[in-house]
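A short write-up of the structure that comes next.
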Amino acid sequence: MRLRARVAYHGADFHGFADNPGVKSVAGELNKAITLVAGESVNVACAGRTDKGVHAVGQVISFDIPDEISLEKLFLSVNSQIGPAVLFTDLEIVDKEFDARFSAISRTYSYRILNSRDSDPFLVDRAWHIANSLDIDSMQKASNYLIGEHDFSSFCKKPKLKSGEIASLVRRVNSAGWSCPSETDLYFEICASSFCHQMVRSIVGTLVDVGLGKIPCDAMPEIISLSDRQAAGGIAPPHGLILQSVKY
């Protein structure tokens, strides 16, 4: 039977989601834990392959296990084996055609910034500390230009392709914006059909440069149209990024 699980994890101790022999990864830990219960080799598919240090509260995976396996037993066993760093938060049977990656219609990420003079020891691996004051209004104006369908080559790490392969970096952004629960706590949230490698972190890095006055907010359309990674700002560190949810 095919299962869909929602997974939460703290990414600080993992070399990303994708299974990578020789290093600790989220998929590697999940594969080992599920395989132990299933009694046969299991390889999970995911909605978004997060990088080293990136967190998730709403990652989604799909995988196949024998029909006789109890969902409750699997849920409890996996969480006992690899929790609390990685946890199932939901588990259900789905159609055989379901695929965590290809069945998804949108993903939502958030990025957290601590904008204060002093850092916070409890947020060192969960938020980007920026001491200089940020102009949130300008950052929001720049964010508005992201909405719609664009070629996001200026914000994406160019994929390695085999000879003759072509990879489109056109994506549709449904929403993008900032919220400020407090004077020092800033959140950027972006929802899109899908994301290319380092897209969200590159966007956040560019928006921070806008907030610091290094890039004018109305320069965003030109940055997008140039389709050149060198035209955008730097890359935000991974530890502020969270995969929040996936829609099907």
TODO: Identify the single condition in (1) in the same structural domain as Gly11 (by TED's automatic domain parsing); (2) closer than 20 Å to Arg201 by Cβ that Asp67 does not satisfy, given that it satisfies every other one.
DONE: (2)
Task: Hits in the range 136-161 - residues which are surrounded by 14 or more Cβ atoms within 10 Å (Cβ to Cβ), not in a helix (DSSP H, G or I) and not hydrophobic (A, V, I, L, M, F, W, C) - done: Tyr145, His150, Asp151, Lys157
- [ ] Kindly establish whether Phe88 is free of Cβ contacts under 8 Å to residues at least 40 places away in the same chain and closer than 30 Å to Leu3 by Cβ.
- [x] no
Open item on the list: Given (1) in contact with a strand residue (DSSP E or B) (Cβ under 9 Å, 6 or more places away or on another chain); (2) surrounded by fewer than 18 Cβ atoms within 10 Å (Cβ to Cβ), identify the lone condition not met by Leu36.
Closed with: (1)
Open item on the list: Return the residues of the range 11-32 that are surrounded by fewer than 19 Cβ atoms within 10 Å (Cβ to Cβ) and touching a residue at least 60 places away in the same chain (Cβ under 8 Å); say none if nothing qualifies.
Closed with: Ala12, Asp13
- [ ] Name every residue in the range 197-220 that is among the charged types (D, E, K, R) and not in a helix (DSSP H, G or I), in order of residue number.
- [x] Lys214
TODO: Kindly state which strands (runs of 3 or more DSSP E) lie completely within the range 55-133 and contain at least 1 residues that are within 30 Å of Gly213 (Cα to Cα) and β-branched (Val, Ile, Thr).
DONE: 106-115, 128-130
- [ ] Select from the range 173-226 the residues that are of a type in the set (Asp, Glu) and touching a helix residue (DSSP H, G or I) at 6+ places or on another chain (Cβ under 8 Å) and write down the one among them that is nearest to Val124 (Cα to Cα).
- [x] Asp218
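The values are calculated or read from the model by the stated rules, or taken from the named source; none is laboratory data. Everything numeric in this text was worked out from a predicted model, so none of it was measured. Because the Cβ atoms are built from the backbone with ideal geometry, glycine has one as well, and the counts that use them run over all protein chains shown.
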